[in-house]
Structure formats: structure tokens, C-alpha cells
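S.K.: The structure follows.
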Amino acid sequence: MYSLDKKILRDIRHMKGQVLAITLVIVSGMAAYIMFISTIDSLSITRDSFYRDQKFADVFVSLKRAPESLKAKIRKIPGVSVVETRVCGYAKIDIDNFDEPVTARIVSLPEDGRPLLNRPHIRNGSLLDPNKDNEVLINETFAIAHGFKVGDHFSAIINGRKKEFIIKGIALSPEFVLLMRPDATSPDFKRYGVLWMNRSALAKSYNMDGAFNDVILSLSHDAKPNEVLENLDNILSEYGGLGAYLRKDQISHRLLSGEFKQLKRSSEIFPTIFIFVAAFLLNIVMSRTIAMQREQIAILKAFGYTNAAIGFHFAKLVVLITAPGLILGVAAGIWLGHVLGDIYTAVYRFPRLIFTLYPHVVIEALMISVASALAGTFHSLQKAAREAPAQAMRPEPPAQYRISLLEKTIARHLLSQPTRIIIRNIGRRPIRTTLAIIGIAVACATMIASGFFKDSVDFIINVQFVRSQKEDIRITFVEPTSYRALYEMKRLEGVRHAEAFRRVPVRFIHAQRSYRTAIDGIEEDNRLYRLLDENLKDVFIPSTGIVLNDYLSKLLRINVGDLVTVEFLEGSKEIREVPVVATAKLFLGVMGYMDLTALNRLMREGNAISGINLLTDSLYTRQLYRNLVDMPRVAGVVIRRNDIRNFYDIQARGMLFFTFIATLMACAIAFGVVYNSARIAFSERRWELSSLRVIGYTRGEISYILLGELGMITVIAIPVGFLVGYWLCAYIAHALASDLFRVPLYIEMKTYAVAAAVVLASASVSGLIVRRRVDTLDLVEVLKTRE
Amino acid sequence: MKETVFKVVNLTKIYLMGEVEVHALRGANLEIYAKELVVLLGPSGSGKSTLLNILGGLDTATSGQVYYRKTELTTAGERELTEYRRAHVGFVFQFYNLIPSLTAEENVSVVTEISENPMKPADALKLVGLGERLDHFPAQLSGGEQQRVAIARAIAKNPAVLLCDEPTGALDSETGIVVLDVLDRINRELGTATVIITHNSDIAGMANRVIHLNNGMITEVIENKNKKPPSEFRW
């Protein structure tokens, strides 16, 4: 080992506190990066292999009823590779000791149990016996939620007929990686499941012998997807086709893609912050180290070391300082990647998570980190290399100070001598001071971003479920039903108030843009289904025209007053132009709204409704649930209370984890920045501080000079951090916005307060550690050594 | 005919110290020959260190020329100066300037590792009488010992010239004499041309020639007919 290399190791040991602080920051950044990237890669590899193994379809469409013979015609559409026809429907499940209504999607399986597309993956048990009509496969989350095992029984009502079923197997499907009821806002594994049944048995229940009501396709490589959709829609139009859509619009796939997008953004935002902070910390530590070793550098140069050799020497030091953080960071990242993967796979169901960490990801991350660390120290290195050796051996001229602006504007005599020292010192190194402020502000901003997720979820809940959707129970019917159903519903015991709504699948078209969603027709003087504007004021729906939510109007680039083309995908299949009369704020989903009567008139239909919102009396809920389960026309029952709880449950684990990680990281940054700044300030001013001690200043006064500067920087940094935090949240909200949900830019005062408290606490801890050094200053020793 | 190692012509040096302009050298002329021991004598601020630094390639001149043998140092670039220092010059400084995080032997190794034909670090340390203290850190050595490590470091590469800036400036007289004795011995045994800066006129006794500087100019050059060994010095 070269002697200079020994020097590096001893230098590192000498500044172990600072190295530790830097290591913490680097570990955080590296771990976050590896965690996010490995989770993205793991999930996408897992997803792709699951899709491939189970032959996930490319095109999906439901229809009313078509003869099986139509399959041949569909297969002839150019670009279609495999066609699978199915019978699908909804069943109500009756589970002992569980009163609340439970719904399941039922999907038919061909007699051999092996569909060509969307094959269930059998987790437990076996395939269905083609000769039995009472066997089902159930999806895994549903089985777990109710503790179902292979061989258990339950009864289900299919198309009004109740029947006993035996669970033959527990399965997963690429179609239901994330299982969510179409009209719900979050998954509910207890109240919504999937059943797979033999096609013949299911067809019998739905009178679909020799017919189908659902088609899935896979496409050949050269297929033109949009042309296939068009052809398919044309073929199915006379069979009540509800509009074909591609995999990208399939709900489970879309939710998963949304999650990928969120992970991708996080993997960009957070590690960037850490790389910046680590580079800054290395910059201040290295510039100080180099300043202190000015003479040693001069000596090395005097003896003929080249600038490059000296640069290389310090570069090695930088690399060695960053190395432990990088190694630990990779290890921590792999561990966190597994934790995050588990959190995801609790909701997104795959046969198993294929944990993936590509070596190139690690190598790139290492290279980026080392490069930015070197960039952070490059300036100091350059300065050290440039200095003529003789110049470097002369003592540094006294630092140049000037009277600060603050002292000039405020009466100078009001400030004590130590305070003046603080102010002048801050002013003397404006760049370093600014960077320290930014560093601490970034810590504060990271904390705000972590709190922001909870705040925005609370806000969504408040707006969506408390102010906008006020019903206790939402009922949806199997198919559009007469308005008379509302009166029947009102007569049920326990119903305090009922309002009908109509939901029609449509395609909105404006200029070149189109979007497939639904229009809700709402009763004229409704109380339970409020539309709100930007300021949470009610939006009224006039008797003509349509209200779009703001995100949809942006997607379509349409303004209030413009005409939007509405293509109904149900019933008459009319295409109409409707004026947009207002926009409404909605955080979840993308919808249009019309007056119920106006909607039915537009569709040229009578008083049809597709569901009812109820206010209920809690005394009668059990009986009410039972009645609803027994009503054949009722397809789904969503209890708002559960919807809110599920929304929280699903968010909570991920959010808790994220908040925990973000808090740790924010502490690492705050501690790293403050500790290093304090440590450097102490070492630079050791001589000055000792001199002050010698002439009679107390330890407290000395600490005040040293730590007062940091206190002032921290106090300035916190409001800056609020601002940066707000921007960061605004960026996150913007980056995460999708048609599934928008994150409202809403930050509680409490979040700001917690962020400030965490920063202050970290700063205080690091201040106290440095303060201990002040207390042990050896006055004589310090004054003897020349510096 | 004496072999000239250094030739200095009309050398001036002006540098800025903070906001103050310092005229360190004002047209100095001199020659230094192979194998001789020269003492540069003068009060502080007379330009001794500046002259030495320029001779050693540590600093650049404002005007004038300096030749090392056939090479003009004043027109040499950073790269040539580094090469020159690496190959030909050994330095000893007033404050030793050892690297605190390295042991005595390692401090010498720092130089031998980049030299073409060096001594073994342990041998160099033996030459200065520190063969027993190889593994001591600078903080564990007395001032005189530290300075001898610095001398060992300077001579370990077998330099053509040894430039010493106040080598005894930070030492008491007894220790200083030990250090000077080492320098004297190196000069005699290895034949290294040695330039010693001092403001202590007693030291001049060990020189072949004494060059007086004052206010940036060479005021007097004295040939020393009867050299005294450092062991006879008292101050």
C-alpha cells in the first residue's frame, strides 16, 4: 500500500463523524433509488411473465348476447390471433356470519378448464370437473379475506337463483391482478371476489346456451389495434356490444400501470434530492479538508507530485468516503425493495414476486453517485491543484470580512459582539450559507412531501366521500330498470331517503380526442350526489347540457360553452352533441354528469335508472342488507363506510411505510447538513474560538457564536423549506395525476409544523454533539499550533 | 572551473498578500555551484524564502531569469517545474511540514515512491539518526526529530540540491545543532549542493559561501575560508 493511501485511511478515521453523516445521506439516497427501481423492475418482470404464462388478452369487450357462431366472424378480423368467448356476470354471495352484501364477478371457463386467454393460475386445489355444475374456483384475496379453503361451501345467487357451491380451487388471474369493483373507488377484498365456473353451468343460469356475452382477443404482432376495435364494435353492435377496449384501458392493468408511474416518479424525485445533498456535504467537507491540508499539498507538490496525482489522491478520498454509504445503501435498498414488493403484492396479486435487481442499475447508480460526489468536490480539488506550492505554504491571509448590511441598517450597537461575528460570518461565505440553507430546506421539504400524502388522502376522502357522495349505500341494478324501482326501495324498512341515478357508458369525442367513460344522470333536486367546483361550492346541473369533471375537460381540451360529442355505448347507441355547461372537481375517476331526465331524453329512453343511493337507519341495516341481497335485480351494493375504510386500508400500509422512510431520510439530511456545517465551522474557527476563550469568553458564549450561526441558518431554512416543500408537492401532484385519480395539492398546517419540528430536532442533536467539542477545547494546545 | 548549479539573473518578485503588494526580490544576481554549502543570511522580509522558493520551482518570478544547470526555470511551465522538483530538489522547511497522519517512515516513503533512484526510507532515516523511530507519528516526535525526518525525506531521493528554509528556526539551539550537523554531513558525504536560509549569523560558519540579502537585494557574498563544524556553534 502506498504511503499516501495510508494517509487517506487515517484522514477518514480522523473525520469519522462527518463521514458518518455523509454516509447516512448516501445510504438514504442509494437505498431509495435501489428500492424504487428494483420494485419497478420486479413488478414489471413479474407482471410480464404472469401475463405471458396466463395468456393475458389484448382486447376486451362485453355485450348483451351473441350466438357462438359469431366467434368465427370475429376470428376473421385482420390482426386477431386468438378469440375466447365467455359468459360473465355478477353473483351475490351468501356467507355465514357475514351480513353485509358480497358481490362476485363470475367468469366462465371452457369445459377443459384451460381457456386460450386469461387463464386462471391455480394456487391451491385443482381445475373444475367439467361434469359438475356446482364447482367454482375463487380468487385468492377473496379466499384470504374470508378464510376459505379448498373444499369449503358457500351459496351464491346467480341471476336470481340461489345455489350451493363447493370451492375446488383458489386462483389468480392476470385479469384481476388488482381486483376492484367497477363502481368502487378502492379494492374491497372482503365484499368483492371472482368466481370461475364451468361455461355450461353458467350459461344455463343466464340462458346463454350456445351464446356468449363477453369476448377477449389476443392480437398478432402486426395488428392495428384501433382498427380491430372498430371492426369488433361493428360486428357486435347489433348484439348489444358495450364498446371494445384495449389492455391499456383494462382496469387491473391500468391501476398497475398507474402504480408503475408513481414508482417511476418517486425513483426520479427522491434519489435526486439525496444526490444533491450528498454532493453538497462532500463539497463542504472536502473543501475544508483540502484547506486544512493546504500545506501538506504544497509539500507533496514541492517534492514533485503532479497536480493530477494530488487530484487523484483526493478523488480516492472522496470515493472512499462515499463507498460505505453506497454499499450499505445498495444492501438497504435491496431489503427495502423486498419490503415494498411485499406491500404491493398484498394488493396486486401475482403467483410470486420475481425480485429483480439488474446489475446495470446498481452500476449506473454507483457511477452517478460517485460522479456527483466528485463533481461536488471538484472545485476544491481544482483550487488545491492550482495553487503554487510556495503560495500554499504561506499562511492564509486573514479572511476578509465586512460590516454587514444588517448592521448598517439596524443600529449596530444593538447587536452584541458575538452576534456581529455570527452575522458577518454568514455574510462572508454567501455561497456556502445559501447551500446550507437549501440543504436544510430540502430536508424540511422531504418531510412535507411525506406528510402531504396523508393530507391529500384525507382531503380526497373528505371531498369525495363526505361532501360529494353523501349516501350510506349505493345500489346498482343488473341492467337499467324502471324508475318504479325507486318507490319500491323507498318502502323498505330502514331506508330514510332514496335517490335514483342512471349510469351510461359513453365515448366522449372532441376534435381529435376521445375518451371512454360514463355519464351519471342525477335527479334534479338530489341531496346525496353533490358536484363541487374548485372551491368546494355546489355545481348545479341544468336541465340541458352536460357537466364534465375538470380532468376530463382537460383531456378533451374542451371548454365550458363548447359542444362535446357523446357516443352512447348502451341501449340506442345514439351519437349526440351536447353543450358543456360547467366543470366539476373530482379527484377519483373521470366522469360526465347530466340531469337524469335530460340524459334519458337524450338517449331516447323512458325513465330508466341504473342504481339508487340510499340514506339508511343504522337500526335496520342488517335487515336491509338481507333484503337487498335477496332482490334479484340488485347487482351490487356499496356501503360508503366500507369504501372509505378500504380506501384508507389500501393506502395506509404503503403510506405508513413511505412516511417512515421519508422521515428517516429527512432526518438524515437535516442531521448531515447541520452536523457537517457545525463541524466545519468549528474546525475553521477553532483558533478564533480558543482565542476568545483565552480572553475570557465563557463556553456558553463561544457556543453561541458557533451554534448561533447554524441556528440562524436553520431558522431561515425552515420557511424556505416550506416553500420548496410546497413546490415539491405541487410537482408530485402534477406528476402523479392520471385519469384514475388526481392528488389534490392540499397540505395541512400540522404537516408544516411536524416538518419544522423534525428539522429543528435534528439540527439541535447535531448542534449538541458539536457543542461537546467546544466544551473540551484545549486552549493552550490550540494557540500553540500554527494554523 | 566550478560547476554551476544555479544561475540567477536580475530576479524580481512581487506578490499580493491580501490587498497589500509585497516587493520580495528586487533584481537579485547570483550563482550556486555543485557540492558547495551556501547560507543565505538576512533579516525576515529580506527575500530569502522567496529566492529559495523560486530556486526550488515552488514559485514563479515576476521578472529575470533562473537557470538550473542548462534549464531555464523562469520560463518552465507547471509540468516542467513539477518534473524538476521531483527529479532534482529536496526541501527542508522551518515547520517540518510532515504529514501528520503518516509515520516517519511513511513520510519518507511519500517521496521515495515517486523517485527514480531513491534510498530506502529506513536508510534515509538512519542517516539522520532516526533508525529507531520509523513507526512514530509526527505528534510522537520532538521538534528536532521531526526536522530530521523532514531532512531524511528531502535526501531520500538523492537530490542534486537540498534547499532548507530556516531548518532550525523552530528548534532550540541544542536540537538545532544536531539538525545542522546532519545537513553538514549529508553535504560532505553525498556531495549534495545545499542552500540554507537563516537569519542566524552563527550558522554562517558552516558555509562555503555566505550570501547576504536585505530588502530584496543581494548586498554581499562572502567566501568562508575556515569552515567550522556545527558542533562548535553556540547561540
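The values are calculated or read from the model by the stated rules, or taken from the named source; none is laboratory data. The shown structure was predicted, so the numbers you read here are calculated from the model rather than taken from an experiment. As a convention, Cβ positions derive from the backbone with ideal geometry for all residues, glycine included, and neighbour counts pool all protein chains shown.
S.K.: In region A:540-552, how many are surrounded by fewer than 18 Cβ atoms within 10 Å (Cβ to Cβ) and either touching a Cys at 6+ places or on another chain (Cβ under 9 Å) or within 24 Å of A:L615 (Cα to Cα) (or both)?
M.R.: 1
S.K.: Another question, if that's okay. Find the residue count for region B:176-187, including only residues that are over 20 Å from B:V161 (Cα atoms) and crowded, with 22+ Cβ neighbours inside 10 Å.
M.R.: Final tally of qualifying residues: 2.
S.K.: Considering A:F36, A:F56, A:F50, which residue is part of a helix (DSSP H, G or I), over 30 Å from A:M665 (Cβ atoms) and either in contact with a Pro (Cβ under 9 Å, 6 or more places away or on another chain) or within 14 Å of chain B (Cβ to nearest Cβ) (or both)?
M.R.: A:F50
S.K.: Identify all residues within region A:607-630 that are touching a Pro at 6+ places or on another chain (Cβ under 7 Å) and of a type in the set (S, T, Y); write none if there are none.
M.R.: A:S610, A:Y625 - these are the residues of region A:607-630 that are touching a Pro at 6+ places or on another chain (Cβ under 7 Å) and of a type in the set (S, T, Y).
S.K.: Could I ask something else about it? Considering only residues that are over 37 Å from the mean Cα position of the chain (by Cα), outside any strand (DSSP E or B) and not hydroxyl-bearing (S, T, Y), which ones fall in region A:590-622?
M.R.: Answer for region A:590-622, where residues must be over 37 Å from the mean Cα position of the chain (by Cα), outside any strand (DSSP E or B) and not hydroxyl-bearing (S, T, Y): A:A598, A:N600, A:R601, A:L602, A:M603, A:R604, A:E605, A:G606, A:N607, A:L619.
S.K.: Pairs needed: first member in region A:744-767, more than 16 Å from A:T663 (Cβ to Cβ); second member anywhere, loosely packed, with under 15 Cβ neighbours inside 10 Å; C-beta distance under 6 Å; at least 6 residues apart or different chains.
M.R.: Between residues of region A:744-767 that are more than 16 Å from A:T663 (Cβ to Cβ) and residues that are loosely packed, with under 15 Cβ neighbours inside 10 Å, the close pairs are A:L745/A:A730.
S.K.: Working carefully through the options A:F189, A:F154, find the one that is within 39 Å of the chain's Cα centre (by Cα) and either assigned to a strand (DSSP E or B) or acidic (D, E) (or both). I'd like the intermediate steps shown before the answer.
M.R.: Values: A:F189 fails: either assigned to a strand (DSSP E or B) or acidic (D, E) (or both).
Just one listed residue meets the conditions, A:F154.
S.K.: For region A:101-126, give me each residue that is on the phi > 0 side of the Ramachandran plot and under 29 Å from the mean Cα position of the chain (by Cα).
M.R.: A:N118
S.K.: What do you reckon, is B:S115 touching a residue at least 60 places away in the same chain (Cβ under 8 Å), within 14 Å of chain A (Cβ to nearest Cβ) and hydroxyl-bearing (S, T, Y)?
M.R.: no
Residue by residue, here is whether (1) surrounded by fewer than 19 Cβ atoms within 10 Å (Cβ to Cβ); (2) farther than 23 Å from A:F303 by Cα holds:
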| site | (1), (2) |
| --- | --- |
| B:P121 | no, no |
| B:A156 | no, no |
| B:S173 | yes, yes |
| B:I211 | no, yes |
| B:I222 | yes, yes |
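To keep it simple, each residue is scored yes or no on (1) closer than 30 Å to A:M180 by Cα; (2) crowded, with 17+ Cβ neighbours inside 10 Å; (3) touching a helix residue (DSSP H, G or I) at 6+ places or on another chain (Cβ under 8 Å); (4) at pLDDT 85 or above.
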residue	(1), (2), (3), (4)
A:V285	no, yes, yes, no
A:A346	yes, no, yes, no
A:Y358	no, no, yes, yes
A:V361	no, yes, yes, yes
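S.K.: Tell me, which strands (runs of 3 or more DSSP E) lie completely within region A:459-547 with 1 or more residues that are more than 16 Å from A:V634 (Cα to Cα) and either free of Cβ contacts under 8 Å to residues at least 60 places away in the same chain or not aliphatic (A, V, I, L, M) (or both)?
M.R.: By residue number, A:495-510, A:513-522.
S.K.: I need a count of the residues in region B:40-90 that are among the small types (G, A, S), farther than 15 Å from B:V161 by Cα and within 12 Å of chain A (Cβ to nearest Cβ).
M.R.: Here the count works out to 3.
S.K.: Among the residues of region A:296-311, are any more than 21 Å from A:R47 (Cβ to Cβ), among the hydroxyl-bearing types (S, T, Y) and within 14 Å of chain B (Cβ to nearest Cβ)?
M.R.: Yes, the conditions are met somewhere in region A:296-311.
S.K.: Limited to region A:256-283, what total is found for residues that are more than 19 Å from A:M665 (Cβ to Cβ) and either at pLDDT 85 or above or surrounded by fewer than 17 Cβ atoms within 10 Å (Cβ to Cβ) (or both)?
M.R.: Step one: list which residues in region A:256-283 are more than 19 Å from A:M665 (Cβ to Cβ), which gives A:256-261, A:283.
Keeping just the survivors that are either at pLDDT 85 or above or surrounded by fewer than 17 Cβ atoms within 10 Å (Cβ to Cβ) (or both) gives A:256-258, A:260-261.
Total satisfying the criteria: 5.
S.K.: Going by the conditions given, is B:G176 more than 14 Å from chain A (Cβ to nearest Cβ) and either within 17 Å of B:L40 (Cβ to Cβ) or outside any helix (DSSP H, G or I) (or both)?
M.R.: Values: more than 14 Å from chain A (Cβ to nearest Cβ): yes; either within 17 Å of B:L40 (Cβ to Cβ) or outside any helix (DSSP H, G or I) (or both): yes.
Against the criterion (more than 14 Å from chain A (Cβ to nearest Cβ) and either within 17 Å of B:L40 (Cβ to Cβ) or outside any helix (DSSP H, G or I) (or both)), B:G176 qualifies.
S.K.: Moving to a separate point now. Condition first: within 14 Å of chain A (Cβ to nearest Cβ), more than 20 Å from B:K35 (Cα to Cα) and under 13 Å from the mean Cα position of the chain (by Cα). Can you find one or more residues in region B:193-210 that meet it?
M.R.: Scanning region B:193-210 turns up no residue that is within 14 Å of chain A (Cβ to nearest Cβ), more than 20 Å from B:K35 (Cα to Cα) and under 13 Å from the mean Cα position of the chain (by Cα).
S.K.: Continuing with this model, one more query. I need the full set of residues from region B:188-209 which are surrounded by 22 or more Cβ atoms within 10 Å (Cβ to Cβ) and either free of Cβ contacts under 8 Å to residues at least 12 places away in the same chain or part of a helix (DSSP H, G or I) (or both), in order please.
M.R.: Answer for region B:188-209, where residues must be surrounded by 22 or more Cβ atoms within 10 Å (Cβ to Cβ) and either free of Cβ contacts under 8 Å to residues at least 12 places away in the same chain or part of a helix (DSSP H, G or I) (or both): B:I203, B:M206.
S.K.: Looking only at region A:488-506, which residues are closer than 20 Å to A:K554 by Cα and buried (at least 18 other Cβ atoms within 10 Å of the Cβ)?
M.R.: Of everything in region A:488-506, just one residue is closer than 20 Å to A:K554 by Cα and buried (at least 18 other Cβ atoms within 10 Å of the Cβ), namely A:V506.
S.K.: Quick one: count up the residues across region B:4-19 that are of a type outside the set (S, T, N, Q) and either outside any strand (DSSP E or B) or over 15 Å from B:G56 (Cα atoms) (or both).
M.R.: The number of residues fulfilling the criteria is 7.
S.K.: Would you check if there is a residue in region A:271-293 being part of a loop (DSSP other than H, G, I, E, B), polar (S, T, N, Q) and within 14 Å of chain B (Cβ to nearest Cβ)?
M.R.: The answer is yes; a qualifying residue exists.
S.K.: Please give the number of the condition A:S369 fails out of (1) within 14 Å of chain B (Cβ to nearest Cβ); (2) modelled with pLDDT under 85.
M.R.: With (1) within 14 Å of chain B (Cβ to nearest Cβ); (2) modelled with pLDDT under 85 applied to A:S369, the lone miss is (1).
S.K.: Right, here's the next one. Does A:V25 count as more than 14 Å from chain B (Cβ to nearest Cβ) and crowded, with 23+ Cβ neighbours inside 10 Å?
M.R.: The answer is yes for A:V25.
S.K.: Filter region B:91-106 for residues that are within 9 Å of chain A (Cβ to nearest Cβ) and modelled with pLDDT of 85 or more; which is surrounded by the fewest Cβ atoms within 10 Å (Cβ to Cβ)?
M.R.: My answer is B:E105.
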